[in-house]
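> Please read through the structure below; I'll follow up with questions.
The values are calculated or read from the model by the stated rules, or taken from the named source; none is laboratory data. Small disclaimer: the values here were computed from a predicted structure and weren't measured. No Cβ is skipped: glycine too gets one built from the backbone with ideal geometry, and neighbour counts run over all protein chains shown.
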Amino acid sequence: MSETKTVGTLKSYLSFELGNEMFAADVSKVLEILEMRPITKVPRAPSYMRGVINLRGSVLPVLDTRIKFGMKPKEDTVDTCIVVLNVTMDDEPLTLGALVDSVEEVLELTDNDIEPPPTIGSKFNPEYLNGMVKMDDNFIMVLNVDKVFSTDELIMATEAAEKKQADSEAKTDAENKQQKNKKEKK
């Protein structure tokens, strides 16, 4: 007697690499993928917060996913990307960038393709995972991006980014006021 799996609704997942591990995030959470660019450090930010970038006039906090997952930091390469994610925090949307070693492909999966995460033996917090997918001889960990970063950590990252943006705007306002005063004196 042969077993047949119920097909179920296909969902798309973006797969990416961190170290030698493969991960995937639901594409409904992915806003865009950016090439690596200079990142401005934020003083007293959590160790996993690489800094902020300007994304079309908005300050985007960029988090080093390797450090968040307890991996060793590594030099950026031509494959390093910033995956811009829409994360839900206390029922509010928050946009942040997650630094990954490389983006691989979009996978089409059903719920039946995703197995429950292991409860023991995993070096990653099972709360971060929606499950795992076996592809060839490898496993891809399907992330629950809303839980990867705890509420307190997201608040700290957001506050640091907002302070950086407010400081930048205040500096620009002061420079504009100075220029206006110089023009009025002429």
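> Among the residues of region 60-79, write down those that are part of a strand (DSSP E or B) and buried (at least 21 other Cβ atoms within 10 Å of the Cβ).
The answer is PRO61, VAL62, LEU63, ASP64.
> Confirm whether SER47 is polar (S, T, N, Q) and either surrounded by 14 or more Cβ atoms within 10 Å (Cβ to Cβ) or under 14 Å from the mean Cα position of the chain (by Cα) (or both).
No, not satisfied.
> Oh, and also: Taking ASP26 as the residue in question, decide whether it is modelled with pLDDT of 90 or more, in contact with a helix residue (DSSP H, G or I) (Cβ under 8 Å, 6 or more places away or on another chain) and at negative phi.
Yes, satisfied.
> Scan (1) modelled with pLDDT of 90 or more; (2) part of a loop (DSSP other than H, G, I, E, B) for the single condition ILE33 breaks and write down its number.
Among (1) modelled with pLDDT of 90 or more; (2) part of a loop (DSSP other than H, G, I, E, B), the lone unmet condition for ILE33 is (2).
> Could I ask something else about it? Tell me, yes or no, whether region 116-127 has at least one residue that is touching a strand residue (DSSP E or B) at 6+ places or on another chain (Cβ under 7 Å) and either modelled with pLDDT of 90 or more or under 23 Å from ILE33 (Cα atoms) (or both).
No, region 116-127 contains no residue that is touching a strand residue (DSSP E or B) at 6+ places or on another chain (Cβ under 7 Å) and either modelled with pLDDT of 90 or more or under 23 Å from ILE33 (Cα atoms) (or both).
> Identify, please: which residue in region 80-93 is surrounded by 14 or more Cβ atoms within 10 Å (Cβ to Cβ) and more than 12 Å from VAL30 (Cα to Cα) and is, among those, modelled with the lowest pLDDT?
For region 80-93, the residue satisfying everything is MET89.
> Identify, please: which residue in region 137-168 is in a helix (DSSP H, G or I) and of a type in the set (Gly, Ala, Ser) and is, among those, modelled with the lowest pLDDT?
Step by step, filter region 137-168, then rank; the result is ALA157.
> Considering only region 36-57, state which residues are under 20 Å from THR77 (Cβ atoms), touching a residue at least 40 places away in the same chain (Cβ under 8 Å) and part of a strand (DSSP E or B).
ARG50, ILE53
> Go through region 80-97 residue by residue and tally those that are over 19 Å from GLU127 (Cα atoms) and without any contact (Cβ under 8 Å) to a residue 40 or more places away in the chain.
Qualifying residue count for the region: 2.
> I would also like to ask the following. Please state which one of LYS134, LYS180 is at pLDDT 70 or above, closer than 19 Å to GLY8 by Cβ and of a type in the set (Lys, Arg).
LYS134
> Another one. Scan region 5-30 residue by residue and report those that are in contact (Cβ under 8 Å) with a residue 60 or more places away in the chain and either in a loop (DSSP other than H, G, I, E, B) or among the charged types (D, E, K, R) (or both).
The answer is LYS5, THR6, VAL7, GLY8, THR9, LEU10, LYS11, GLU17, GLY19, GLU21, ASP26, LYS29.
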